[in-house]
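Read the structure below first, then the notes.
Values in this text are rule-based calculations from the coordinates and carry no lab data. The structure displayed is predicted, hence computed values, not measured ones. Backbone-built Cβ (ideal geometry, glycine too); neighbour counts: all protein chains shown.
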Amino acid sequence: MQFGYFTLSDNHYQDNQRTANQFIADIINEAVYAEQVGLNSAWIGEHHFSTLGVLSCPDLALAVVAARTGRIRLAPAVTVLPLHHPIRVAEQWASLDLLSGGRVDFAAGRGYDRREYRPFGVSFEDNQAIFEEGMEVVRRLWSADGPISHHGRHYGFDEVAITPRPVQRPIPSFVASFSQPSIELAARLGCNLIVAPFAAAMTYGGLRQVNDLYGETCLRHGRQPGRLMCSYFIHFADNNVEEEAARARQIRYYRECAVAAFPGDPRSAPPSYRYFVGMVERLRQVRPQDLTDNSVLLGRPLQIIEALKKVEAAGFSEVILYFNVGLKPHSQVRNEMARFMAEVAPAFA
């Protein structure tokens, strides 16, 4: 099993003195450092118009990382595909694949914050159909040997071929999932799958159930199952005092960031997002003792190893680690990244 660096660039905290610009500089530094300590990949999220996430252009951030590294895989976590025209998305990530020497993994999703949709004039209610059609267009443009035409419900064009072409033909593609329909969509499209364990535990049981559903749906559509990945919050804690602080930091993230971003109002959540309503209510009420390894890696190295062995047994090939969650200081993030690769990763060599 491999491991990567992951961030959503959350900066939405009371009494927060860290600016968005400073946090983005920290993220670039951490992504470059990820290669130095031996992590396999760097995954950077896309968010718009608020401090719930302050990095709106992961392709540009990862281009900087690409120029300062030579091995690490580079990926968005995720591209909010309905917000962008799929031709432009295909061009951007094909360009980064070329500039990085074929190191891009592409992950896309619908996002979950209606406020990011309004300024772009895109329907939040219809984003499932927009996403599915956009994903089809992006992948066709990467794979085609010549111009393609497309006439769908949301996009239409004739005889388009992108330049430059990606080095990888095609770029490995992931669908990000919080729900059963997204898992089934990934299988139907023949895409790899990336999930959040805390959401999996709340919505459909756990990672083993994700693997089963994905595999069964792939077989039903005549597809070979692809790679399974998941993201995890992580905090090292070597004693009771550090553990208490880590649990408080994680709960702060849930209450001040996740609850504010997710569509938790049953009066306005579209049907395809209705599962978020219960999730938000549970996150509002979460207690320190509720933070189990279904959602968070927290404790001493041996505890983290034991939790990750369960992930490995569930059939997942890579875990991307959210080190800089909850306003964790940059120096502590770097320390925990190095500790993970020195004290945890060797158990999976």
Looking at Val286, Val277, Val259, which one is over 30 Å from Ile130 (Cα atoms) and of a type in the set (Val, Ile, Thr)?
Val286
Can we say Ala129 is over 16 Å from Ser268 (Cβ atoms), touching a Leu at 6+ places or on another chain (Cβ under 6 Å) and surrounded by 15 or more Cβ atoms within 10 Å (Cβ to Cβ)?
no
Among the candidates Gly278, Gly264, which residue alone is more than 21 Å from Ala42 (Cβ to Cβ) and in a loop (DSSP other than H, G, I, E, B)?
Gly264
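Just one of Cys257, Cys218 is of a type in the set (A, V, I, L, M, F, W, C), farther than 25 Å from Gln14 by Cα and not in a loop (DSSP other than H, G, I, E, B); which is it?
Going through Cys257, Cys218 in turn, the sole match is Cys218.
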List every residue pair whose Cβ atoms lie under 9 Å apart, where the two residues are 6 or more positions apart in sequence or sit on different chains, the first residue falls within region 323-335 and is farther than 15 Å from Asp15 by Cβ, and the second residue, located anywhere, is part of a helix (DSSP H, G or I) and among the β-branched types (Val, Ile, Thr).
Phe323/Val333; Asn324/Ile27; Asn324/Val333; Arg334/Val37
Tally up the residues in region 283-298 that are under 18 Å from the mean Cα position of the chain (by Cα) and surrounded by fewer than 20 Cβ atoms within 10 Å (Cβ to Cβ), please.
1
Taking Val280 as the residue in question, decide whether it is surrounded by 18 or more Cβ atoms within 10 Å (Cβ to Cβ) and in contact (Cβ under 8 Å) with a residue 24 or more places away in the chain.
no
Filtering region 221-236 down to residues that are within 15 Å of the chain's Cα centre (by Cα) and in a strand (DSSP E or B) yields Leu228, Met229, Cys230, Ser231, Tyr232, Phe233, Ile234
Complete set of residues in region 122-152 that are hydrophobic (A, V, I, L, M, F, W, C) and either in contact (Cβ under 8 Å) with a residue 60 or more places away in the chain or under 16 Å from Ala186 (Cα atoms) (or both)
Phe124, Ala129, Ile130, Phe131, Met135, Val137, Val138
Go through region 153-207 and report how many residues are assigned to a loop (DSSP other than H, G, I, E, B), without any contact (Cβ under 8 Å) to a residue 40 or more places away in the chain and basic (Lys, Arg).
2
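Filtering region 299-320 down to residues that are part of a loop (DSSP other than H, G, I, E, B) and not charged (D, E, K, R), which residue is surrounded by the fewest Cβ atoms within 10 Å (Cβ to Cβ)? Explain how you work it out, then say what you get.
Just the residues of region 299-320 that are part of a loop (DSSP other than H, G, I, E, B), to begin with: 300, 314-317.
Narrowing further to those that are not charged (D, E, K, R): 314-317.
Working: Ala314: 18, Gly315: 16, Phe316: 24, Ser317: 14.
If we take residues in region 299-320 being part of a loop (DSSP other than H, G, I, E, B) and not charged (D, E, K, R), then Ser317 is surrounded by the fewest Cβ atoms within 10 Å (Cβ to Cβ).
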Could you please find all residues in region 77-126 being closer than 22 Å to Leu141 by Cβ, basic (Lys, Arg) and not in a loop (DSSP other than H, G, I, E, B)?
Arg88
